Amino acid sequence: MTAASWHSLPLRRPPKFQEGMCDMTTPICEARFDPINDKTVLIAPKRARRPKDHKEHECPGCIPKLTPPAVYVFPEDAPRDGVNWHVRVVPNKYSCFSDAGGNRRFELKAGLGGIQDPAGKCEVVFETRRHSYPVYARTASEIEYCFRALISRYRAARSDARTRFWYAFKNLGKIAGGTLDHEHWQLYSLPFIPPSIHDRYGRAAQFYNQTGKSYHSQMLDNEKAVGDRVVTITNHFLTFVPFASGMPYEICIAPLRDSADFSTMTEEELIDFAESFHDAVVRLYTVHPELAFNVAIHTAAFEHASAPWYSWYLSILPRLTTLAGVELGINVMVNPVAPEEAASTLRALTIK
C-alpha cells in the first residue's frame, strides 16, 4: 500500500462478516468487537486457569518438562529439549487463540459481532535459564539474545497467512500484570488489526501525505532540537520521555532511521538497541528500585511493514500510579510527574 492510499485503510471497521452466525454456545475463545467504544475484547475463559506463580524449583522457565515443547531456542543450534539455552520460546498453554482456529465470524443485532475460535498464537519467551535474574542485572549481550529471539518469532509469524498483526510485550511485577517471577516476554499473533492501531496508521499516513515526511522523523527532530525530554542518544537510537507521557517516567526508545519493521535492524543497530534498552532499565531501577513496568514493541502490521509513514519503537511503561476512574472511564491519563522533570532525573544519572 502506498502512502497516497492511506485513506483506504479500514479505520474503525471490523472485518466483513460471513453470512449467518456461529454457535454462540461453543466454549471457545472469541474476539468481540465493540462498535460504540471502537475496541476489540478477547473473551478467553481458560486464561483464568493460568498459574499465578511457581517456586524456583518448579518454574516452567527452568524445567522444560513443565511446558509444551519449545518452538525456538537461542543459540539456535542448542537442543530444544536441553538445558544449554540462553532464551527459550514455548507456546502459551493458556492462549487466547487457536493454532488451528477457523476464524469463524459472527454478527448479531445492533452491530455486534466478532470472531469465534480466532486463528493465532500466544508464545512465551523465557529470557534466561535463571529463575531470579532481573533484567537490570543482565548484560546488554544477554538482552540482545532475547531480541534476536523476538525477531526470529516475528518472522515465523509473518509466514502464516492468517496472521495480520504481531505484538510483543513484557509484564514485570504483579502491579503490571505479571503472573510469574521468572521474567518473560509474551508474543501475540493476531488475525485482526486492533481498531486503535488502524487509527494510528491513518494519522501517520495523513501526516506523511501532507508533509512528505514521517511523523516519526518530525517528532525525533523536535525532541533532539528541544532536548528537555531526551535521556540518551546513540548512533542509532533516541531514548526519551514522550511529550504527552501517560505514566510517570514513561520511556520511548526509537530508531533514528524510519523503519516500519523492527526485524530490519542491522547487526550494529541490534547491538545498539540492546544497549539502549539495558541503559534505560538500569536508569529506571536506579530511581525506583522496586519498579513494576510493562514493555511493548510497536512494529507495523505485516501488510504495512514497508510503509514510509510509520516507524517502529519500544515503550517502557512504569506502573507508579494506579489507573482509576478518569483513565479507565474516559481514557484520559493523569501523570503527576512532568516528562521534562522525569527526563532530567534519568539523564543526570551516571550509568556504568
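The values are calculated or read from the model by the stated rules, or taken from the named source; none is laboratory data. Remember, predicted model here, so these are calculated numbers, not experimental data. Neighbour counts run over all protein chains shown; Cβ positions are idealised from the backbone, glycine included.
Just to be sure before I move on: is Ile297 at pLDDT 95 or above and not in a helix (DSSP H, G or I) in the structure I sent?
When the stated conditions are applied, Ile297 passes them.
Would you confirm whether any residue within region 286-300 is crowded, with 17+ Cβ neighbours inside 10 Å, in contact with an Asp or Glu (Cβ under 8 Å, 6 or more places away or on another chain) and not charged (D, E, K, R)?
Yes: one or more hits.
Considering region 254-289 alone, what residues qualify as being over 21 Å from Arg158 (Cα atoms) and free of Cβ contacts under 8 Å to residues at least 12 places away in the same chain? Spell out the reasoning first.
So the first thing to find is which residues in region 254-289 are over 21 Å from Arg158 (Cα atoms), and the list is 254-257, 268-269, 271-289.
Hit for region 254-289 is Pro289, nothing else.
Could you grab me the full set of residues in region 98-129 that are farther than 13 Å from Arg32 by Cα and part of a loop (DSSP other than H, G, I, E, B)?
Matches in region 98-129: Asp99, Ala100, Gly101, Gly102, Gly120, Glu127, Thr128, Arg129.
If you take the residues in region 150-162 that are among the hydrophobic types (A, V, I, L, M, F, W, C) and at pLDDT 90 or above, which one is nearest to the chain's Cα centre (by Cα)?
Per the criteria, the residue is Leu150.
Can you report the number of residues in region 219-253 which are part of a strand (DSSP E or B) and in contact (Cβ under 8 Å) with a residue 60 or more places away in the chain?
Keep residues of region 219-253 that are part of a strand (DSSP E or B), which gives 230-233, 237-240, 251-253.
Keeping just the survivors that are in contact (Cβ under 8 Å) with a residue 60 or more places away in the chain gives 230-232, 240, 251-253.
Summing the residues that are part of a strand (DSSP E or B) and in contact (Cβ under 8 Å) with a residue 60 or more places away in the chain in region 219-253 gives 7.
Scanning for something hydrophobic (A, V, I, L, M, F, W, C), assigned to a helix (DSSP H, G or I) and more than 18 Å from the chain's Cα centre (by Cα), does region 163-183 turn up at least one residue?
No, region 163-183 contains no residue that is hydrophobic (A, V, I, L, M, F, W, C), assigned to a helix (DSSP H, G or I) and more than 18 Å from the chain's Cα centre (by Cα).
Consider region 336-349. How many of its residues are surrounded by fewer than 19 Cβ atoms within 10 Å (Cβ to Cβ) and touching a residue at least 24 places away in the same chain (Cβ under 8 Å)?
7
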